[in-house]
Amino acid sequence: MDKVKVYHYSKCVTCRRSIDILSKEHELELRDIFKERLSKDEIRDIIAQAGVSARELVRRKSKAYKDIINGNYTDEEIIEMMSNDPSLIERPIIIMGGKVFIRPRLEKVE
């Protein structure tokens with residue numbers, strides 16, 4: 001059985017719910033992105049694997065969301081911001097079977 005990677009925030013209800021559901025059928029490799037931040041390279045890899053832009057990885061509930069989305073920032077600048085402030089990253093990020101799911105509805109995973 002392949003491990004499922006879950007990038008999460010331990011205080012996030014959506015993350016905890018996802019972990020509870022996934023842990024019933026999968027072995028999980030958990031990483032709290034607030035305790036162990038993602039590097040710029042890791043963020044770039046997630047973006048590339050998911051086939052999204054840096055803007056699409058910005059957490060919609062973040063206070064800075066509108067500023068970032070409407071700002072004239074490059075993807076590299078957004079990646080830099082996310083590596084410095086994990087609250088800007090949409091979560092959870094689930095990597096399963098070579099696919100990346102960003103804050104998925106769990107019925108879509110698998």
task: Say whether the condition of being touching a Gly at 6+ places or on another chain (Cβ under 8 Å) and either more than 17 Å from Ile102 (Cα to Cα) or modelled with pLDDT of 95 or more (or both) is met by at least one residue in the range 26-44.
output: no
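So is Glu77 in a strand (DSSP E or B), over 13 Å from the mean Cα position of the chain (by Cα) and surrounded by 11 or more Cβ atoms within 10 Å (Cβ to Cβ) or not?
no
Assess whether Glu56 counts as being more than 18 Å from Arg37 (Cβ to Cβ) and touching a residue at least 40 places away in the same chain (Cβ under 8 Å). Full working, then the answer.
Details: more than 18 Å from Arg37 (Cβ to Cβ): yes; touching a residue at least 40 places away in the same chain (Cβ under 8 Å): yes.
So Glu56 fits the description; yes.
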query: Is it true that Gly71 is on the phi > 0 side of the Ramachandran plot and not β-branched (Val, Ile, Thr)?
result: no
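Look at Ser18 and say whether it is surrounded by fewer than 17 Cβ atoms within 10 Å (Cβ to Cβ) and either among the polar types (S, T, N, Q) or more than 10 Å from Pro92 (Cα to Cα) (or both). Working first, answer last.
Details: surrounded by fewer than 17 Cβ atoms within 10 Å (Cβ to Cβ): no; either among the polar types (S, T, N, Q) or more than 10 Å from Pro92 (Cα to Cα) (or both): yes.
Judged against the criteria, Ser18 is not a match.
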- prompt: Taking the range 4-36 only, how many residues are more than 11 Å from the chain's Cα centre (by Cα) and in a loop (DSSP other than H, G, I, E, B)?
  reply: 9
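Identify all residues within the range 85-110 that are assigned to a helix (DSSP H, G or I) and either at pLDDT 95 or above or in contact with a Ser or Thr (Cβ under 8 Å, 6 or more places away or on another chain) (or both); write none if there are none.
Within the range 85-110, the subset assigned to a helix (DSSP H, G or I) is 86-88, 106-108.
Selection gives Pro86, Ser87, Leu88, Leu106.
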- request: May I ask you to say which residue of Lys66, Lys40 is surrounded by fewer than 16 Cβ atoms within 10 Å (Cβ to Cβ) and without any contact (Cβ under 8 Å) to a residue 24 or more places away in the chain?
  value: Lys66
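The values are calculated or read from the model by the stated rules, or taken from the named source; none is laboratory data. Model, not experiment: these values are computed from the prediction. Quick reminder, even Gly has a Cβ in these numbers, built from the backbone with ideal geometry, and neighbours come from all protein chains shown.
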